[in-house]
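This report refers to the structure that appears directly beneath it.
The values are calculated or read from the model by the stated rules, or taken from the named source; none is laboratory data. The structure presented is a predicted model; accordingly, all values stated were derived computationally and were not measured. A quick note on method: Cβ atoms are made from the backbone with ideal geometry, for glycine too, and the neighbour counts reach across all protein chains shown. Just so you know, the surface numbers come from the protein's heavy atoms only, side chains and all, with ligands and any DNA or RNA stripped out. Shrake-Rupley method; radii C 1.70, N 1.55, O 1.52, S 1.80 Å.
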Amino acid sequence: MPNSMRYCQTCRFKIHKRGFKRHTLSVVHRKAKLIRAMLERNCITHAEIARRIGVTRERVRQRALQMGFADGRSRHAICRMERRRKEMAEFFVEAQKRGFEVEPLGTTSAYINGKLCVQRKACWHYIGKSDHKYTYVSIRQPAGRFDICAWKLPDGRFLILPKKLAGFRQTTFNPEESEYLGTASSSHYYRQHIERWSLLGRPRRGRGEGL
């Protein structure tokens, strides 16, 4: 370390000897731990930190860079990404657990392994009585662009269909095998796509389940 510089253990950055004493008396030094703790939370802006500490936003920006934190614009981008991840639909949360790389676009859309995926809700009803009772699922084609669409079923599983099989406006099927007449129709190939995670490609982190 050059003789003209000193290292502040509290703030964790170098400062010129001539200004070191003045620095140790400053608000930024005395509240360095609080400033660092707030900077570690990307969704707290420099302006908000400055207001809480009682200094200018520019002073906070300068100290943040000295402490090794990203600039304000980068922190805002990270904050937006963190919020999107917290608000992600269940399909994308499950995809992450299985090792897929998920890049959120919104609460119900994301890129998974480069494929544009969306989650939509399925409507279901319980039809019939006693031995002939079965679950009747109704799904609609998503609006807008997509490569893969996932509908969450009553039991928590996902029907995962590629765009080429989602050419209907609305369709219905029974997700379970049944001997009751009228419940099979075209549902056999939809059943094959329940929990069909392999349509997303291979997980990039470890091995996925249910492929």
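Miscellaneous remarks
- Heavy-atom surface of segment 1-117, accessible at 1.4 Å and reported per residue (Å²): 61
- Exposure rank, largest accessible area first [Trp124, Trp197; 1.4 Å]: Trp124, Trp197
- Unsatisfied cross-links (Cα-Cα over 22 Å) in the set Lys33/Lys97; Lys86/Lys164; Lys97/Lys152: Lys33/Lys97; Lys86/Lys164
- Its relative contact order, with pairs defined as Cα atoms under 8 Å and 6+ residues apart, puts segment 1-115 at 15 percent.
- A probe of 1.4 angstrom, applied to the heavy atoms of all protein chains, finds Thr56 with accessible area near 90 square angstrom.
- Local net charge near Ala70, Cβ-Cβ under 15 Å (Lys/Arg +1, Asp/Glu -1): +4
- A probe of 1.4 angstrom, applied to the heavy atoms of all protein chains, finds Ile112 with accessible area near 0 square angstrom.
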